[in-house]
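Chemist: So that we are looking at the same thing, I have put the structure below in structure tokens.
Coordinate-derived values only; no laboratory data. None of the values given here were measured: they were computed from a predicted structure. Using ideal geometry, Cβ is built from the backbone for each residue, glycine included, and neighbour counts are taken over all protein chains shown.
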């Protein structure tokens with residue numbers, strides 16, 4: 001009886017405020033609802049409902065969701081009342097969204113920031129037709145470039161990614177504001193980013209990502225080395241109320257490239273305010289083949305005899321491709337499995353423990369150049385009488401974990417964290433032989449691999465003071481320990497057993513050593529190197545007036561192998577009006593050579609003008625590099641970054657931003673050309689025909705413009721949204737090529753015109769991305785157009801017309817240089833919300849089946865194999881792809 005009375009009294013003195021949060025098309029699970037000036041806050045449940053127990057009185061209830069405009073309502077309740085307060089939220093502009101990049105103070109919108117920041121919203125992510133993170137960024141962010149590569153060994157399986165036309169190693173990647181580790185793969189083939197190391201974006205499951213922020217400004221003084229072109233911050237989901245299951249299947253209209261995607265994301269509440277969000281993701285992608293018909297010799301270089309032998313052996317019917325294709329050129333087959341998590345656990349009123357991490361495992365299979373029976377130096381005819389198409393099998397494991405504590409101490413915000421990242425890549429060569437072993441050669445070889453580890457410890461401290469119109473002071477330190485390993489392959493993958501063959505002139509010659517496609521890493525290539533980097537920074541942000549913000553940052557970095565360097569940044573923002581701001585900044589930058597660039601060494605088979613050559617890459621510890629070529633120790637890259645821009649909002653439904661940038665980089669690290677003639681005696685002990693190495697050979701200047709425009713309105717009975725973004729960029733190699741005294745006069749070998757063009761014109765000189773969506777009742781229509789500017793392939797020896805060759809297509813002596821014209825790629829999708837839990841989408845990528853220009857000079861096709869360039873690419877060669885998607889929110 002006593003408890004009933006107490007309960008009755010309690011019920012009469014309390015009131016209930018409850019309601020539902022939705023947008024135009026349905027409930028919003030996980031939306032935030034809080035009562036201002038109190039500690040009461042919650043998130044909506046699976047059907048968008050919330051509830052508060054409150055005392056009698058007047059309250060301001062506010063509801064918000066990421067990339068939605070928050071809504072506040074004032075209510076008055078009396079004891080015993082139950083009041084229903086519903087919210088219908090409207091999608092907002094990215095320009096209004098608080099961003100964490102570019103400032104150590106509390107998050108602020110782009111209008112209040114001193115640097116340009118792009119945001120990929122949760123709505124854009126969930127409505128994207130792409131299933132890999134690099135492709136999402138490629139088709140939504142104009143300044144970002146990343147496509148699948150082909151016939152490029154490990155680079156077939158880890159896409160190089162760039163920002164503002166610079167290199168993969170000149171953009172810094174963060175996850176939840178913490179530095180992400182690099183890949184163990186060094187890009188050494190003829191692709192964008194040759195000679196650089198990047199981050200494996202596709203190791204991060206897209207189902208785990210809430211939104212992405214891209215800072216388009218030099219930021220090494222704020223975040224550390226690598227942030228020369230900018231910073232990409234991937235922010236993970238925190239939701240705990242729903243289970244999101246995403247299933248997709250798609251295939252190219254050519255019948256290949258079948259993609260199967262499945263993911264699940266859910267959150268669990270821990271205690272009163274803690275949570276953990278978990279993601280599982282699976283991707284299976286079949287290979288894409290756009291090879292041309294082979295027109296060269298197969299069994300012998302005598303055309304008549306060769307045709308007879310081809311017919312007798314029925315050669316072309318024995319391969320797995322169509323017509324006269326003998327190669328697989330397009331994109332690799334991959335199978336990807338990922339698990340990740342993100343969570344927080346409050347430890348007290350003043351401290352919170354946070355954590356995030358995960359594991360990604362990827363298996364890949366790609367092909368190399370076909371080895372024909374006519375090439376007996378490469379093919380053991382007793383094993384492969386018709387030659388073989390060698391396979392590169394990769395096993396890539398990527399692990400990451402971050403843990404930290406954030407809190408308040410004596411009015412200072414304190415964040416202490418430690419991150420561990422590990423990336424390992426192992427190679428297996430299949431359907432091949434080590435010709436030097438003769439008939440005893442295996443057909444499958446473990447060829448070795450790479451391992452990269454990064455341990456990063458951060459301490460960040462900041463506080464906002466009431467000086468002027470607000471001053472924020474931040475300082476901190478970082479300690480980073482890196483480890484790079486090269487792992488040797490099995491003996492059969494590299495051993496020289498001395499097998500010989502007799503050529504058509506009756507001369508006995510040695511066969512090529514090592515597994516065909518590339519020899520395994522030898523024990524003398526094995527290494528295990530460490531280095532440390534320590535740095536400290538200070539960042540001061542002062543609102544001198546309500547309109548003028550000035551920010552300055554300084555950082556000192558010290559490497560145990562490259563010494564120290566001080567860098568700084570000065571930037572400002574002035575609010576012309578409440579909705580229009582101008583900004584400008586100047587910064588210096590610093591990037592030390594990666595451990596990969598310093599220590600990598602191997603022997604690879606490279607095809608040059610259709611002919612193969614064994615090429616040795618020698619590191620800066622090698623006597624070949626230091627003595628024969630007089631190449632000194634690598635130096636860090638130094639940069640300067642000037643930017644200026646304007647952002648604004650008009651009529652509550654239009655936003656815009658325009659930015660100019662100028663980036664100068666001194667002593668860029670590049671992979672040299674191949675040195676062969678005159679060095680035969682030096683290279684003979686290594687069984688290679690040419691040598692290449694890393695060196696600080698060039699300075700560069702990059703300038704350009706970024707633009708974005710967003711517009712939304714109510715159109716008829718539905719909601720219309722459109723956006724357009726553009727990037728125009730130009731990079732030039734400045735001044736003469738830098739060579740050692742020994743190599744004076746060989747500048748065109750060290751860094752030839754093809755390599756210069758790879759820096760200057762291998763990426764589109766402009767890109768325009770537009771997105772149009774219309775939401776009507778339960779339907780959503782989306783159209784994305786991407787305009788890719790021209791790219792240019794430059795052949796190394798075509799600078800002089802005397803080197804031009806006959807074009808079999810035209811019969812005319814022509815240069816092999818080619819400019820590939822601009823192209824527009826269109827993606828479209830129609831979605832239908834079946835009920836509160838199920839959404840179905842049917843869509844297509846590249847619905848008009850657009851391909852890059854084909855090669856115009858027959859010599860560039862390498863005897864018919866390559867219809868499209870493998871050296872420069874705008875968007876790949878998949879053609880049209882159509883998919884079906886079923887999204888469940890439970």
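Chemist: Would you mind calculating the relative contact order of the chain from Cα pairs under 8 angstrom and at least 6 residues apart, reporting the percent as a whole number?
Modeler: On the way: 2506 pairs, mean separation 89.1, N = 890.
After rounding, I find 10 percent.
Chemist: Arranged by the count of other C-beta atoms within 10 angstrom, fewest first, what order do 412, 568 take? Walk me through the numbers before you get to the answer.
Modeler: Values: 412 14, 568 17.
Fewest-to-most ranking of 412, 568: 412, 568.
Chemist: Another one. In which sequence would 286, 281, 747 go, from the one with the fewest C-beta neighbours within 10 Å to the one with the most? Let's see the in-between values first.
Modeler: Numbers: 286 19, 281 23, 747 15.
Fewest-to-most ranking of 286, 281, 747: 747, 286, 281.
Chemist: Using a Förster distance of 41 Å, how high is the FRET efficiency between residue 430 and residue 742, based on the Cβ-Cβ distance and rounded to 0.05? Mind showing how you got there, number by number?
Modeler: Numbers: r = 41 Å, r/R0 = 1.00.
Taking R0 as 41 Å, the efficiency between residue 430 and residue 742 is 0.50.
Chemist: Modelling each spin label as a point 7 Å along the Cα-to-Cβ direction, I'd like the residue 79/residue 38 distance in nm, to one decimal.
Modeler: 1.6
Chemist: Where in the stretch 366-381 does the label zone of residue 500 land, with the point 7 angstrom along Cα→C-beta and an amide N cut-off under 19 Å?
Modeler: Hits in the stretch 366-381 for residue 500 at 19 Å: 375-381.
Chemist: Got a sec? How would 315, 820, 809 order by Cβ neighbour count within 10 Å, fewest to most?
Modeler: On the way: 315 20, 820 23, 809 14.
Exposure proxy ranking, most exposed first: 809, 315, 820.
Chemist: Give, in nm to one decimal, the length gained when the segment between residue 411 and residue 835 is fully stretched (0.36 nm per residue of separation minus the Cα-Cα distance).
Modeler: Separation in residues times 0.36 nm, less the Cα-Cα distance, equals 147.8 nm.
Chemist: With a point put 7 Å past each Cα toward its Cβ, work out how far residue 677 is from residue 295 in nm, to one decimal.
Modeler: Calculated label separation equals 2.8 nm.
Chemist: Note the full-extension length gain between residue 479 and residue 662 as 0.36 nm times their separation in residues minus their Cα-Cα distance, in nm to one decimal. Intermediate results must be reported in sequence, preceding the final value.
Modeler: Values: separation 183, 0.36 × 183 = 65.88 nm, distance 3.03 nm.
Residue separation times 0.36 nm, minus the Cα-Cα distance, leaves 62.8 nm.
Chemist: A further question on this structure: Any chance you could check the Cα centroid distance between the stretch 803-850 and the stretch 344-409 for me, in angstrom?
Modeler: With the stretch 803-850 and the stretch 344-409 each reduced to a Cα centre, they are spaced 28 Å.
Chemist: Give the peptides 70-82, 836-848 in descending order of average Cβ contacts within 10 Å, highest first. Intermediate results must be reported in sequence, preceding the final value.
Modeler: Values: 70-82: 13.2, 836-848: 17.7.
By packing density, highest mean first, the sequence is 836-848, 70-82.
Chemist: Take each of the peptides 362-368, 200-206, 678-684, 792-798, average the number of other beta-carbon atoms within 10 Å over its residues, and list them starting from the highest.
Modeler: On the way: 362-368: 22.0, 200-206: 25.0, 678-684: 12.7, 792-798: 19.4.
Sorting 362-368, 200-206, 678-684, 792-798 by mean packing, highest first, produces 200-206, 362-368, 792-798, 678-684.
Chemist: What ranking do 569-578, 209-218, 227-236, 396-405 get when scored by the average of other Cβ atoms within 10 Å per residue, highest first? Before the final figure, lay out each step's value.
Modeler: Values: 569-578: 17.0, 209-218: 24.6, 227-236: 26.2, 396-405: 19.4.
Result, highest mean Cβ count within 10 Å first: 227-236, 209-218, 396-405, 569-578.
Chemist: Just to confirm my numbers, what's the Cα centroid distance between the stretch 451-491 and the stretch 597-647 in Å?
Modeler: Using only Cα atoms, the two centres lie 26 Å from each other.
Chemist: Then there's this: Can you give the FRET efficiency for residue 353 and residue 14, using 1/(1 + (r/R0)^6), R0 = 30 Å, r = Cβ-Cβ distance, to the nearest 0.05?
Modeler: Efficiency computed from Cβ-Cβ geometry: 0.35.
Chemist: What is the angle, in °, between the Cα long axis of helix 303-313 and the longest principal axis of the Cα atoms in the chain? Nearest 10 is fine, range 0 to 90.
Modeler: 70
Chemist: Right, another one. Using 0.36 nm times the number of residues separating residue 469 and residue 443, minus their current alpha carbon distance, what extension gain do you get?
Modeler: On the way: separation 26, 0.36 × 26 = 9.36 nm, distance 7.18 nm.
Taking 0.36 nm per residue and subtracting the Cα distance, the gain is 2.2 nm.
Chemist: Calculate how steeply helix 2-13 sits against the longest principal axis of the alpha-carbon atoms of the chain, using the helix alpha-carbon long axis, and give the answer as 0 to 90 degrees to the nearest 10.
Modeler: On a 0 to 90 degree scale, this one is about 80.
Chemist: How much FRET efficiency would the formula 1/(1 + (r/R0)^6) give for residue 642 and residue 578, where r is the Cβ-Cβ distance and R0 is 22 Å, rounded to 0.05?
Modeler: Numbers: r = 27 Å, r/R0 = 1.24.
With R0 = 22 Å, the Cβ-Cβ based efficiency is 0.20.
Chemist: What distance in nm lies between label points placed 7 Å from Cα along the C-beta direction at residue 854 and residue 529?
Modeler: Between residue 854 and residue 529, the simple spin-label model gives 4.5 nm.
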